[in-house]
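Encoded as structure tokens, the structure appears first; notes follow it.
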Amino acid sequence: MPDTRMYHAFRSPFSRLGLHMLINAGVEFELVPIITWPDGMTFSDPVANPIKRDYVAFDAFRMTDRMGLPIALPDPFEVDYTPATRAQAKAREVGKDIAFAKAVSDARWGEGKNISDLNVLAECAEAAGLPLEIVAEAQTDPDIDTITAEWTALIHQDKPFGVPFAVSGNAKYWGHDRFALLLEDLGLTAKN
């Protein structure tokens, strides 16, 4: 098990950028989706604050362009992330969760696709080198609850308060822009 964990959410364009940074630099890491927040915490919705929403929209385009990636606003914007998260858990069983999460993030933020659609998720599975049926199987597989319980335990242990968020040893890094520090600490260089 790698010593580095990255917490992400498919809702966040910055999680996508963090994923790309770590993958491109060759970091071995465990990927944990935010499925709950530590006790007593709530998610502060950046879309609910119009000033922050406008900044995040501007910054997401700026930072994505800077990394040389395509960007498209998802349509619809708000979706049910449960199908994608359950499929990510199933992909984890065969060591393809990072590739799958990257494919889903790219579908959502690079192509603007609806990632609650099982057909879109099947395309993502195929892009990640997974069998298409893994997505449908994940939706009813009772073993997924064991994986999500492990993720919940890690969330309560590391206490991420936003995404992307990385933990390596005792050090924590919030925001994809801080991942450059993580890479430095790991003796690696950021690559686009």
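Numbers below:
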read-out	value
Proximal lysines to residue 191, defined as alpha-carbon separation beneath 22 angstrom and excluding residues fewer than eight positions away on the same chain	96, 102, 172
Accessible area expressed per residue, the chain, with surrounding protein chains retained (probe 1.4 Å, Å²)	49
Extension gain, residue 54 back to residue 189 (0.36 nm per residue minus Cα-Cα distance, nm)	45.5 nm
Computed lengthening from residue 158 to residue 133, 0.36 nm per intervening residue step minus Cα-Cα distance	5.7 nm
Fully extended contour minus Cα-Cα distance, from residue 45 to residue 23, at 0.36 nm per residue	5.2 nm
Accessible surface of region 34-192, 1.4 Å probe, proportion on carbon and sulfur as whole %	54
Summed residue charge, Cβ within 11 Å of residue 81's Cβ, Lys/Arg positive, Asp/Glu negative	+1
Alpha-carbon centroids, region 54-94 and region 161-177: separation in whole Å	18
Separation of the residue 73 and residue 146 label points, Cα + 7 Å toward Cβ, nm	4.3
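The values are calculated or read from the model by the stated rules, or taken from the named source; none is laboratory data. Being a predicted model, the structure only gives us computed values, none of them experimental. Counting neighbours? That spans all protein chains shown, and the Cβs are built from the backbone with ideal geometry, glycine included. Surface areas here come from the heavy atoms of the whole protein model, side chains and all, with no ligands, DNA or RNA. Shrake-Rupley method; radii C 1.70, N 1.55, O 1.52, S 1.80 Å.
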